[in-house]
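Here's the structure we're looking at; comments come further down.
Each reported figure results from applying straightforward, stated rules to the coordinates on display, with no laboratory input. Everything numeric here is computed off the predicted structure, so don't read it as measured data. Neighbour counts run over all protein chains shown; Cβ positions are idealised from the backbone, glycine included.
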Amino acid sequence: MFHQNSYGSMQETSSVVAACTTRPALVVGNWKMNKTYVQAVKLAQELSYKASQFEVETCVCPTHLALRGVANVISFDKAALKLGAQNVSWEADGAFTGEISAQMLKEEGCTYCIVGHSERRQKLHESDEQISDKICALIREGVSPILCCGEPLAVYEAGETRNFIQNQLRQALEPLTSKLGEAELEELQKVARTHEAPALVLAYEPIWAIGTGKVATPEYANEVCEAIREVLAMLFGEELAWCTRILYGGSVKAENASFFFEQPSIDGALVGGAALDAQQFAGIVEAAHG
Ligand code: PGA
């Protein structure tokens, strides 16, 4: 699945946008606090065969403890899978008991790292400032952040999703323009086009759809993804906005994935529960293949 450049006025107004005509699909499995080291290695072995059959960029995010084990499976099997982490410290090093730095993730072989997942925002009180510092820490080490955003049920029911999401993203992303150096920002722009690390990835995950079996309609999710692209354009320019992949997450399964992937502004999926089963997850990767 490649999404062609059809971003309305953007296409007409910017010649640089034409340089990035497609956004390759990305499917990410967030294993959360599931799978011991041994179980994670076993799942990675099953996936390295099943998911590698399709030409779709696929990433798995085990716990920190299983990163090395999964990395070994990927290199032993020469699998096309990429490795991602679920969290990172905003600090580079030092006295931060229990934390893991971006440099450590890089050394374990991580291409991606999830940031700002609603479970961490809600249950661990992660703030926008911490989230934006984590993004900076990852970019400095060449690891691509997958920034999550999503509205609670009450906001959805009040019809306030668009404002909520745009505000949430501004809080996390606006500080990047001052916290990152000019060279780092330029690099971010440059790699956005090639989709090489450390390109930013966004994930829209309505909180009411995570792990609940309820899904947003594909059209609704697409509209929110377009609103996300608007914020990216405002903060970082049209080229980065157009080139950045935006994933949908929230009860994605092999049976419903293709409806999301058909949408022009949805470039892949962030998958929780269904990523714990090799068959299910491979089905989602297959749907992204089209
Ligand atoms: P889910 O989780 O697929 O189980 O809804 C998605 C996520 O939290 O990333």
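Some notes on this structure:
- Applying 1/(1 + (r/R0)^6) with r as the Cβ-Cβ distance of R170 and L65 and R0 = 51 angstrom yields a FRET efficiency of 0.90.
- Taking the number of Cβ atoms within 10 Å of each Cβ as an exposure proxy, the fewest-first ranking of K179, K134 is K179, K134.
- Centre separation in Å (Cα based) which lies between the stretch 156-185 and the stretch 240-290: 23
- The length gained by stretching the chain between L153 and E46 to full extension, at 0.36 nm per residue less their Cα-Cα distance, is 35.0 nm.
- Using the Cβ of Q279 as centre and a radius below 13 Å, the other residues enclosed give a net charge of -2, where K and R count +1 and D and E count -1.
- Cβ crowding within 10 Å averaged over residues, with 237-245, 124-132 ranked highest first: 237-245, 124-132
- Between the stretch 44-69 and the stretch 79-147, the alpha-carbon center distance in angstrom: 18
- Close amide H partners of R245, meaning residues 5 or more places away or on another chain with modelled amide H under 5 Å apart, are L202.
- Ordering of 138-144, 269-275, 50-56 by burial proxy (mean other Cβ atoms within 10 Å per residue, highest first): 269-275, 138-144, 50-56
- MRE, 222 nm, helices only [DSSP H, n ≥ 4, -39500 (n - 2.57), over the chain, to nearest 500]: -13500 deg cm²/dmol
- Protection proxy ranking, peptides 182-191, 73-82, average beta carbon neighbours within 10 Å, highest first: 73-82, 182-191
- D_trans [Stokes-Einstein, Kirkwood Rh over alpha-carbon pairs] for the chain, 4 °C, 1.567 mPa s, µm² s⁻¹: 69
- Amide proton proximity set for V271, modelled H, under 5 Å, gap of 5+: V28, G29, N30
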